[in-house]
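Here is the structure we will look at.
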Amino acid sequence: MNPFLKTWSAYTRATTRWPAIAAIVPFIPVVLLWTLIAESGMFPRAFFPGPGDVVQSFITLTYKGILPDYLQDSLIRLVTGAAVGMALGIPLGILIGNSRRAHRVFWPILLFFQAIGDIAWLPILLIWFGFGLTTMTFVIVYTVLFPVVLNTVLGVESVPRDLARAARSLGASPARILWEVTLPGALPNIITGLRNGLGYGWRALIAVEMIVGTSGIGFMMFDARRAGSTVEIVLGMIILGLLWYIVDAWILAPIERATGQRWGLVTS
């Protein structure tokens, strides 16, 4: 067998057995290039730290308890904001998708406020609520809300009307039609909206923590800027990317695929 094909076959078997390998391998050239540039002396180490410096910073901040506390604060804020955004967005999306009258009333309002970026609210939020958890939670909820609402509306409208008519002809109540027909049919789109909303909410949270936070990964990066610690900024960026990759690729994406296969209009 060709050595290349033999190596590729072994790699395929390994990634099938351990999917994490497929996620790590593409980053190896990036880390090697990063190491070569850092070790070449092309840039001062204070401005361009190497992978070893970042690992050492990770160990130090973890040992001191700073990084775990900040990461926990960021995750709690994201989960809280996402939960509130879902609690508001899914019922509103179902209402708009099911009712033409509600669509005429709420749709223009949704489009208007969707055009106003989450960060644009910060000046007035700081006047209303100050530098605190309420301001950060509002921004996350605002960011998560629109993808959830819009995708829920799309999901409800994509459910064939004949299914609801058939259920109604069999004596199903409106509540049962909603629970057993509309929601399962719209669920794949709802999950997609949640996935997108969490991605936007994560980025918005980091931006808000940089501006108004007193803890969290965003605050850690901004505080490192004031201290001139480039290595902590790079560490924060890596943590943000890795954490979201794990959440999206290993949790949200499989849920989205499983939901689409179970309840989506999948033909194969």
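Summary table below
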{"item": "Given (1) closer than 18 Å to ASP69 by Cα; (2) at pLDDT below 90, index of the condition GLY264 fails", "result": "(1)"}
{"item": "In the range 67-95, the residues that are under 16 Å from LEU183 (Cβ atoms), of a type in the set (A, V, I, L, M, F, W, C) and touching a residue at least 60 places away in the same chain (Cβ under 8 Å)", "result": "MET86, ILE90, LEU92, ILE94"}
{"item": "Among residues of the range 36-75, those that are buried (at least 16 other Cβ atoms within 10 Å of the Cβ), within 29 Å of THR137 (Cβ to Cβ) and of a type in the set (Asp, Glu), counted", "result": "1"}
{"item": "Condition met for GLU157 (over 26 Å from ILE76 (Cβ atoms), in a helix (DSSP H, G or I), in contact with a helix residue (DSSP H, G or I) (Cβ under 8 Å, 6 or more places away or on another chain) and touching a residue at least 24 places away in the same chain (Cβ under 8 Å))", "result": "yes"}
{"item": "Matching residues, the range 44-97, being among the hydrophobic types (A, V, I, L, M, F, W, C) and under 16 Å from the mean Cα position of the chain (by Cα)", "result": "LEU71, LEU75, ILE76, LEU78, VAL79, ALA82, ALA83, VAL84, MET86"}
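The values are calculated or read from the model by the stated rules, or taken from the named source; none is laboratory data. Because the structure is predicted, anything quoted here is derived from the model rather than measured. Glycine also receives a Cβ, built like all others from the backbone with ideal geometry; neighbour counts cover every protein chain displayed.
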